[in-house]
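Step one of this worksheet: look at the structure below.
The values are calculated or read from the model by the stated rules, or taken from the named source; none is laboratory data. All values derive from a computational prediction rather than experimental measurement. No Cβ is skipped: glycine too gets one built from the backbone with ideal geometry, and neighbour counts run over all protein chains shown. Note: areas computed on protein heavy atoms with side chains; ligands, DNA, RNA excluded. Shrake-Rupley method; radii C 1.70, N 1.55, O 1.52, S 1.80 Å.
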Amino acid sequence: LNRAVSDMYEPGSVFKVITMSAGIDSGEITPDTINCETENTIYLDNYPIRNSSLKAYGCITMTRALEVSSNLTTLTVAQKLGRTLFYQYIRNFGFGTPNPIEVDNQSSGWVSAPEKWADIDLATAAFGQGLGATPLQVITAIGVVANDGILMKTHLIDSYTDKITGRTTDILPQEVRRVIKPETAAKVRAMMVSTAQKSYANTVKIPGYVNAAKTGTAQIA
């Protein structure tokens, strides 16, 4: 088994990149939109939701929310989007369907239909819990942000040669669909660059490159 395509897990906070992308692309938020966290714990459907730090961050922008990986602010983006629209973005990013890659035993991940979501499900989906994805699905979705908003077809093979004819066929890049607008992708990239510089400056360094990052603490689905 290739765990990158066969194992499903809850992606955790790296999924906040998807949530912020959907919020910005839909016009519900901007990177500078402010949300005020007034309580360390909030309750939805009687379930507690907290930040990993167990504290509220006060009034912060969406960019700052990504830098500190705030659950409490990120879930407000999903609430603004609503179940149906957020679900549509999640699916458009490639979650819940198999990647068309040249390997067997793929998992399609798992995303339940929005009409089945309770308030807690909408909130936890914002920070990557309550849904399942493969590592390949996650990196392909983040690639949308890197690639100006376009989802690309994934491949393991660069080229192949027919043994009988000797003809070599190259596998060329292929666009699947546009997921978010180019300007949305640029804004989210800038948010991720700020996250790398301000939150992970001592761990994310590649000489000669401007680095973009988002941490994600995963759980087994």
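Count, please, the residues in the range 92-116 that happen to be assigned to a loop (DSSP other than H, G, I, E, B) and either at pLDDT below 95 or surrounded by fewer than 19 Cβ atoms within 10 Å (Cβ to Cβ) (or both).
From the range 92-116, those assigned to a loop (DSSP other than H, G, I, E, B) are 93-109, 111-113; that's our starting set.
Now narrow it down to the ones that are either at pLDDT below 95 or surrounded by fewer than 19 Cβ atoms within 10 Å (Cβ to Cβ) (or both): 96-109, 111-113.
Result for the range 92-116: 17.
Selection of the range 69-83 for residues being of a type in the set (A, V, I, L, M, F, W, C) and more than 16 Å from the chain's Cα centre (by Cα) yields only 72. Scanning the range 166-183 for residues that are at pLDDT below 95 and open to solvent by 70 Å² or more (accessible area, probe 1.4 Å) returns 172, 173, 174.
Just give me the residues in the range 69-80 being assigned to a helix (DSSP H, G or I) and in contact with a helix residue (DSSP H, G or I) (Cβ under 6 Å, 6 or more places away or on another chain), in sequence order.
Kept after step one, since they are assigned to a helix (DSSP H, G or I), are these residues of the range 69-80: 71-80.
Matches in the range 69-80: 73, 74, 75, 77, 78.
Scanning the range 129-170 for residues that are out of contact with any Asp or Glu (no Cβ under 6 Å at 6 or more places or on another chain) and in a loop (DSSP other than H, G, I, E, B) yields a total of 15.
Taken together, 213, 186 contain a single residue that is surrounded by 12 or more Cβ atoms within 10 Å (Cβ to Cβ), of a type outside the set (Asp, Glu) and assigned to a loop (DSSP other than H, G, I, E, B), which is 213. For the criterion of being in a helix (DSSP H, G or I) and touching a residue at least 24 places away in the same chain (Cβ under 8 Å), residue 195 passes. Take the range 76-91 and flag every residue that is in contact with a Leu (Cβ under 8 Å, 6 or more places away or on another chain) and either at pLDDT below 95 or buried (at least 18 other Cβ atoms within 10 Å of the Cβ) (or both). Passing the criteria: 78, 83, 86, 89, 90. Look at the range 173-183 and say how many of its residues are assigned to a loop (DSSP other than H, G, I, E, B) and either within 15 Å of the chain's Cα centre (by Cα) or free of Cβ contacts under 8 Å to residues at least 12 places away in the same chain (or both). Qualifying residue count, the range 173-183: 2. Which residues, counting only those in the range 189-210, are open to solvent by less than 60 Å² (accessible area, probe 1.4 Å) and of a type in the set (Val, Ile, Thr)? Residues satisfying the conditions are 193, 195, 204. Scanning the range 1-55 for residues that are among the aromatic types (Phe, Trp, Tyr) and open to solvent by 20 Å² or more (accessible area, probe 1.4 Å) gives 9, 43, 47.
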